[in-house]
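Working notes for the structure below.
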Protein chains: 4
Amino acid sequence: MKASVIGATGFAGAELLRLLDGHPEVELAAITSESSTGENIAAMYPHLSVRIETALGSLQDIEQIADKSDVIFIALPHGHAMKIGRQLKMHDTKIIDLGGDYRFKDIRVFEEWYKVKHEDPETKAVYGLTELYRGQVKDAKILANPGCYTTCSILALVPLLKAGLIETQGIIIDAKSGTTGAGRGLKLGSLYCSVNENFHAYGVADHRHTPEIEQVYSEYAGKDVVIQFTPHLLPVDRGILATCYASLKNDVSEAQVQEAFAEMYADEYFIRLRGQGACPEIKNVRASNYVDIGWQIDKRTGRIIVMSVLDNLVKGAAGQAVQNMNVMFGIPENTGLTQLPIYP
Amino acid sequence: MKASVIGATGFAGAELLRLLDGHPEVELAAITSESSTGENIAAMYPHLSVRIETALGSLQDIEQIADKSDVIFIALPHGHAMKIGRQLKMHDTKIIDLGGDYRFKDIRVFEEWYKVKHEDPETKAVYGLTELYRGQVKDAKILANPGCYTTCSILALVPLLKAGLIETQGIIIDAKSGTTGAGRGLKLGSLYCSVNENFHAYGVADHRHTPEIEQVYSEYAGKDVVIQFTPHLLPVDRGILATCYASLKNDVSEAQVQEAFAEMYADEYFIRLRGQGACPEIKNVRASNYVDIGWQIDKRTGRIIVMSVLDNLVKGAAGQAVQNMNVMFGIPENTGLTQLPIYP
Amino acid sequence: MKASVIGATGFAGAELLRLLDGHPEVELAAITSESSTGENIAAMYPHLSVRIETALGSLQDIEQIADKSDVIFIALPHGHAMKIGRQLKMHDTKIIDLGGDYRFKDIRVFEEWYKVKHEDPETKAVYGLTELYRGQVKDAKILANPGCYTTCSILALVPLLKAGLIETQGIIIDAKSGTTGAGRGLKLGSLYCSVNENFHAYGVADHRHTPEIEQVYSEYAGKDVVIQFTPHLLPVDRGILATCYASLKNDVSEAQVQEAFAEMYADEYFIRLRGQGACPEIKNVRASNYVDIGWQIDKRTGRIIVMSVLDNLVKGAAGQAVQNMNVMFGIPENTGLTQLPIYP
Amino acid sequence: MKASVIGATGFAGAELLRLLDGHPEVELAAITSESSTGENIAAMYPHLSVRIETALGSLQDIEQIADKSDVIFIALPHGHAMKIGRQLKMHDTKIIDLGGDYRFKDIRVFEEWYKVKHEDPETKAVYGLTELYRGQVKDAKILANPGCYTTCSILALVPLLKAGLIETQGIIIDAKSGTTGAGRGLKLGSLYCSVNENFHAYGVADHRHTPEIEQVYSEYAGKDVVIQFTPHLLPVDRGILATCYASLKNDVSEAQVQEAFAEMYADEYFIRLRGQGACPEIKNVRASNYVDIGWQIDKRTGRIIVMSVLDNLVKGAAGQAVQNMNVMFGIPENTGLTQLPIYP
């Protein structure tokens, strides 16, 4: 397969390069960056030195890039992919968008939360949370790769929603992400001295991953689900922990919970069920495509607390994108993604 | 005032030494450590060099220590203070206990959560969350200094409970603490390589600060409050952030919320109200006795998210202990505690 | 004393505000920032909230500021102080410059290393490494506060140079600084994800603190000293460690070394001699004005390795500036600077 | 190949498991731990969950382990491998020791620096700094895998020593290592709160990697080389930077230096020459087997400063061990080691 990465100089783009380099079936066709067109990617990311010393092209050549690519990954801020999607409508190239443009069934939800008009509203993309939508992913032309918080939160509670074990009201997701999630932009809040030894919430009550999570929860619950979602910024490079609170329905037992998770995930390569009483740690999935899930039932309060962790740049972005690519091209889903986490 | 520190080699003990050294009215009488009796404290904590080069005594001499002390701070794990309290019942020395022994009105709650029998059940201590119980603190003989998570969580929601603006059901506190909170004991989980670049929950559904928070919430709500409390371990030295979720009663306005906070805290030296929309950061209170509080009302969900931060070793332990001492001895409450936070 | 801070929004400026706030003899007269004129400093640095809620003025009003200030601290990049110095030549206000403009006896050295023309060449400033030049500091009108690496390196070796115990050739200083040393500017290299879990040298062979160190070494050695100086960027907020290598002259004994250090520093409040065999740690001086010095004689190689640590924002910048102010105004040198280090 | 890991629960052991798991030609035969015999390795290292859920055996069964292993990796503190080496003298199994026991040509040097008597003095092991001793590694029965500081320091200067471009006197290596280098033992100095925001030297003038570096330097220089070696502890998990100072011989040009490095390393897969002016960063080689080398000639002082970085757990331990295994078994040297570094 020939793959291109549009927006290769962001953290997700660079992580795609790393994963594609280690993928036995992929050859890199082109990489682009609007801010650094013409530069060698290894000059900006010396960890790629010797291995990926490629000059960055430009979005302006997207059609030629499409001509030589079986698949194009778009790792740009929202608002760009919909333009590219429209432009490449007639090309065979498959598109995997790591941004928000194609993630919503209802365009109005996108426009409300992202505050921009959608420019490619009639295109139907497939939502690529692979474990849940594998069947559709297979046939996708444009794939909307889910957000990082989203993947983590959805995988944590969907089994319980599907099995009807929790109330759909009152769900609270208190999530914490490493700083790569904030991107590589030059902001005071992203400086070392701002993040180090620090911790705080942000986007309280209005983070854009909220409606994305609700969309899938609602589908699995069979009715509208409204959640409380609060992200926080962790002083680590990578990793998300979602602490998910839900009220258990009356008399739900530990065994039923265990069974609901096992039924959905027992055969999933990238999901490791750590079970009742386990508190998953972000470092145990670092630099891997794994999602570790544990939970605790609190009989005193009638709640279940489900905790899920993933690496926001891998399963939360580039890794899941490659996983989707594998499915879209009919090769084993874990190809190029079997590295163990890096610990410590 | 002559002050002694029992258990001076833990993090809270060492922080007490730092604060007492800078306190204009205090002279250090004695310090002890059972594990390092006879050693110079500065050999273990070189940051104290030159300034506090004192040999560590032993608990065995507690009565002589009491004889020469106006106040004794106990910074030992739970279970010790109640023995000392019983032993010194006839001494005039005031006792400020940083552990859990004397924090509960109902001894059975203590015994249930701490799994030990109370050995000094008839002594009535004062619960020293200074801002709330200043009147009683003044006359305390034995003062129970609150826990770190506890102080942070209580101060965040008590104004709303007191004003009756939130439901007493469904309160969730998702708290995150720096690693000094785990103490100086040699545990795998406290190693640098275990904590750095990592994050996880612990003590889910059974952390001992839960009933302490509930005790005060219930008092202010005028009825029993059951909360969900989940602590997490942050890869930072110091600092706690409590993200507190509560359902607002119908039609409560932003102004009412602001007013409830202002009514309780407008004159408090150590509480800085950051207001609606602010997300307080732990680094902004580091090494100080401040508590910063911000909040966000989410009209979509009907909830308020209150966020409070403090330094777990200062307002969450040693600083509040000194604040209580000041009140107990009738000197200005902020004496020795006016240092600004260290940033960055 | 009325003090003003020119350039209050950089890290050194903000640290000055913290120290001046805790100084019993100082009242803040004015603060400025060219990039944020008119804003409240606490909006940029919320750790100052409630305590320092002052609007930032502008350099344009420097003369009015001088009129109401006994002392002006300049915390701007090099090149600005010399303009201010020239402008305020006729004012009584004392000036303490934290930048490089006035640090060199020989203007040509400044111009060669800083690549700018000096605009106030005839003014004779006093070089404010307080422990060494206290006598001149007392009478200074314009004081050049030394660099952070400089202070750390100079204090480490000057006693041995003065006593003639080490060779003046072959001195190597391998220094490591926390990230506040890189300032608050928006640079890719200062992002959290660039610094965290990383470490590297920079400015190898051409860092501007080199000639400043050589100037003082040469003075104490009585002949020209050329050194090798290599700075590195540490993934911490604060702190410098200078590992200084020098060849001991034949037959110099441990006792002679100890004596040389004691002779210069035994009575210095801010210098803590940790002695032969000690490896000082940056965390033991954090947020304080202390310098800890230890050393190791290596008989196998004939060298002495002297290690010194300080907080680059305190003794390496704002703290030493306040120390100099104290001397210049004839009050006890440690006034407002007696806080113990923050540990952990 | 069937491989076993003796001492699998230390950081180097766990890293071996990670690398062997991703190695296409290796099957894990046995793993051991004396402190946790019988336990599942994944219970101690949950990042291995699902993938390596193996019970830990014991050294007591070393002969049976040898029977079923083509190669045995020993990741134990020094003093153990020599016992195993003696015991397995008659087995065909190849041994790769990650400790110090077999690294010295002269047993007396080992005994002097390690303060223990060697129990297998007559065995001649091969010193496995692969790039330098590839020819001997091929035929090794017992391979002494070099130390982490050692590998980093040796690779930095050997090209210049071999080409005779630097003086053999006056070499100083100022090295900085991540905390995994200190191991997983429970020591106060390894606690998060001891390492975080801290930095200091240790083992000044007496670190055991000194004679190992000198041994190879001397061989390449053709005469005895004595160095100054100073290690420091970095607040990061992984990575070593060696800043190496040497005096250039008269009139040595940039081109000659470049040529000397290229001659030795141009064809080396794992060495990336970053050239004159480059300051390599530890994060750019993290979790990979790469060594990045840059340098700076200082005409003012006549010195060259060579800077090399590697991941102490990979090229400094487990990665180089696997690289040596590949050579010993005649398969491509980079098999299983081609992952790109993890950045950020």
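Restricted to the stretch C:11-41, and to residues that are of a type in the set (Val, Ile, Thr), away from every other protein chain (no Cβ under 13 Å) and open to solvent by less than 10 Å² (accessible area, probe 1.4 Å), which residue is nearest to residue C:58 (Cα to Cα)?
C:32
Among the residues of the stretch C:42-58, which ones are open to solvent by 40 Å² or more (accessible area, probe 1.4 Å), outside any loop (DSSP other than H, G, I, E, B) and of a type outside the set (A, V, I, L, M)?
None - no residue of the stretch C:42-58 is open to solvent by 40 Å² or more (accessible area, probe 1.4 Å), outside any loop (DSSP other than H, G, I, E, B) and of a type outside the set (A, V, I, L, M), so the list stays empty.
Within the group B:102, B:114, which residue is in contact with a His (Cβ under 6 Å, 6 or more places away or on another chain) and within 19 Å of residue B:208 (Cβ to Cβ)? I'd like the intermediate steps shown before the answer.
Values: B:102 fails: in contact with a His (Cβ under 6 Å, 6 or more places away or on another chain).
From the options B:102, B:114, the qualifying one is B:114.
Checking residue C:262 against (1) surrounded by fewer than 24 Cβ atoms within 10 Å (Cβ to Cβ); (2) under 22 Å from residue C:175 (Cα atoms), which test does it fail?
Failing condition for residue C:262: (2).
Name the residues in the stretch D:287-323 that are in contact with a Gly (Cβ under 8 Å, 6 or more places away or on another chain) and within 7 Å of another protein chain (Cβ to nearest Cβ), would you?
Correct list: D:296, D:307.
For (1) among the acidic types (Asp, Glu); (2) out of contact with any Pro (no Cβ under 8 Å at 6 or more places or on another chain), each residue gets a yes or a no:
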residue: D:234; (1), (2): no, no
residue: D:240; (1), (2): no, yes
residue: D:243; (1), (2): no, yes
residue: D:259; (1), (2): yes, yes
residue: D:263; (1), (2): yes, no
residue: D:268; (1), (2): yes, yes
residue: D:273; (1), (2): no, yes
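If you go through the stretch B:316-336 one residue at a time, do you hit one that is among the β-branched types (Val, Ile, Thr), open to solvent by less than 10 Å² (accessible area, probe 1.4 Å) and farther than 23 Å from residue C:42 by Cα?
There is at least one residue in the stretch B:316-336 that is among the β-branched types (Val, Ile, Thr), open to solvent by less than 10 Å² (accessible area, probe 1.4 Å) and farther than 23 Å from residue C:42 by Cα.
State yes or no: is residue B:252 β-branched (Val, Ile, Thr), more than 13 Å from every other protein chain (Cβ to nearest Cβ), farther than 22 Å from residue A:292 by Cα and out of contact with any Lys or Arg (no Cβ under 9 Å at 6 or more places or on another chain)?
Here the answer is yes, as residue B:252 does meet what is asked.
Sort through A:175, A:242, A:140 and tell me the only one that's on the phi < 0 side of the Ramachandran plot, surrounded by fewer than 24 Cβ atoms within 10 Å (Cβ to Cβ) and modelled with pLDDT of 95 or more.
A:140
For the stretch D:1-8, check the following and say yes or no: at least one residue is of a type in the set (Val, Ile, Thr), in contact with a Leu (Cβ under 7 Å, 6 or more places away or on another chain), away from every other protein chain (no Cβ under 11 Å) and surrounded by 16 or more Cβ atoms within 10 Å (Cβ to Cβ).
Yes - at least one qualifying residue is present in the stretch D:1-8.
Residues of the stretch B:221-230 being buried (at least 19 other Cβ atoms within 10 Å of the Cβ) and within 10 Å of chain A (Cβ to nearest Cβ), which ones? Working first, answer last.
Here is the first cut: in the stretch B:221-230, the residues buried (at least 19 other Cβ atoms within 10 Å of the Cβ) are B:221, B:225, B:227-230.
Answer for the stretch B:221-230, where residues must be buried (at least 19 other Cβ atoms within 10 Å of the Cβ) and within 10 Å of chain A (Cβ to nearest Cβ): B:227, B:228, B:229, B:230.
Name the residues in the stretch D:125-150 that are touching a Lys or Arg at 6+ places or on another chain (Cβ under 9 Å) and over 21 Å from residue D:319 (Cβ atoms), would you?
Answer for the stretch D:125-150, where residues must be touching a Lys or Arg at 6+ places or on another chain (Cβ under 9 Å) and over 21 Å from residue D:319 (Cβ atoms): just D:141.
Could you list all residues from the stretch B:152-207 that are in contact with a Leu (Cβ under 8 Å, 6 or more places away or on another chain), among the aliphatic types (A, V, I, L, M) and over 21 Å from residue B:309 (Cα atoms)?
B:165, B:186, B:188, B:191
Search the stretch B:266-281 for residues being over 18 Å from the mean Cα position of the chain (by Cα) and more than 14 Å from chain A (Cβ to nearest Cβ), and hand back the single one that is least open to solvent (accessible area, probe 1.4 Å).
B:273
Tell me which residues, restricted to the stretch D:64-78, are touching a helix residue (DSSP H, G or I) at 6+ places or on another chain (Cβ under 7 Å) and either open to solvent by 10 Å² or more (accessible area, probe 1.4 Å) or free of Cβ contacts under 8 Å to residues at least 12 places away in the same chain (or both).
Step one: of the stretch D:64-78, the residues touching a helix residue (DSSP H, G or I) at 6+ places or on another chain (Cβ under 7 Å) are D:71-75, D:78.
The answer is D:75, D:78.
Residues C:217, C:265: which one is of a type in the set (Phe, Trp, Tyr), in contact with a strand residue (DSSP E or B) (Cβ under 6 Å, 6 or more places away or on another chain) and within 21 Å of residue C:130 (Cβ to Cβ)? Before you say what the answer is, go through the steps one by one.
Details: C:217 fails: in contact with a strand residue (DSSP E or B) (Cβ under 6 Å, 6 or more places away or on another chain).
Sole residue among the options that is of a type in the set (Phe, Trp, Tyr), in contact with a strand residue (DSSP E or B) (Cβ under 6 Å, 6 or more places away or on another chain) and within 21 Å of residue C:130 (Cβ to Cβ): C:265.
Could you list all residues from the stretch A:231-240 that are more than 14 Å from chain D (Cβ to nearest Cβ) and touching a helix residue (DSSP H, G or I) at 6+ places or on another chain (Cβ under 7 Å)?
Matches in the stretch A:231-240: A:231, A:233, A:240.
Here is a yes/no grid of residues against (1) closer than 27 Å to residue D:291 by Cα; (2) within 19 Å of the chain's Cα centre (by Cα); (3) in a helix (DSSP H, G or I):
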| position | (1), (2), (3) |
| --- | --- |
| A:15 | yes, yes, yes |
| A:61 | no, no, yes |
| A:91 | no, no, no |
| A:102 | no, yes, no |
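Output the number of residues of the stretch C:79-117 satisfying the condition of being crowded, with 18+ Cβ neighbours inside 10 Å and not aromatic (Phe, Trp, Tyr).
Of the residues in the stretch C:79-117, 16 are crowded, with 18+ Cβ neighbours inside 10 Å and not aromatic (Phe, Trp, Tyr).
Does the stretch A:70-87 include one or more residues that are of a type in the set (D, E, K, R) and assigned to a helix (DSSP H, G or I)?
Looking through the stretch A:70-87, at least one residue is of a type in the set (D, E, K, R) and assigned to a helix (DSSP H, G or I).
Could you list, in sequence order, all residues of the stretch A:12-38 that are in contact (Cβ under 8 Å) with a residue 40 or more places away in the chain and over 17 Å from residue A:81 (Cβ atoms)? Before the answer, list the steps.
Initially, the stretch A:12-38 is screened for residues in contact (Cβ under 8 Å) with a residue 40 or more places away in the chain, giving A:12-13, A:15-16, A:18-20, A:22-26, A:29.
Correct list: A:15, A:18, A:19, A:20, A:22, A:23, A:24, A:25, A:26, A:29.
Mind listing just one residue for me: the one in the stretch C:165-220 that is assigned to a helix (DSSP H, G or I) and small (Gly, Ala, Ser) and, of those, nearest to the other protein chains (Cβ to nearest Cβ)?
Looking only at the stretch C:165-220, we keep the residues that are assigned to a helix (DSSP H, G or I), and these are C:179-182, C:188-190, C:192-195, C:209-220.
Filter once more, keeping what is small (Gly, Ala, Ser): C:181-182, C:189-190, C:194, C:218.
On the way: C:181: 10, C:182: 8, C:189: 9, C:190: 5, C:194: 7, C:218: 14 Å.
Ranking the qualifying residues of the stretch C:165-220, first place goes to C:190.
The values are calculated or read from the model by the stated rules, or taken from the named source; none is laboratory data. Everything numeric here is computed off the predicted structure, so don't read it as measured data. Glycine gets a Cβ as well: all are built from the backbone with ideal geometry, and neighbour counts include every protein chain shown. Calculation scope for accessible area: heavy atoms of the full protein, side chains included, ligands and nucleic acids excluded. Shrake-Rupley method; radii C 1.70, N 1.55, O 1.52, S 1.80 Å.
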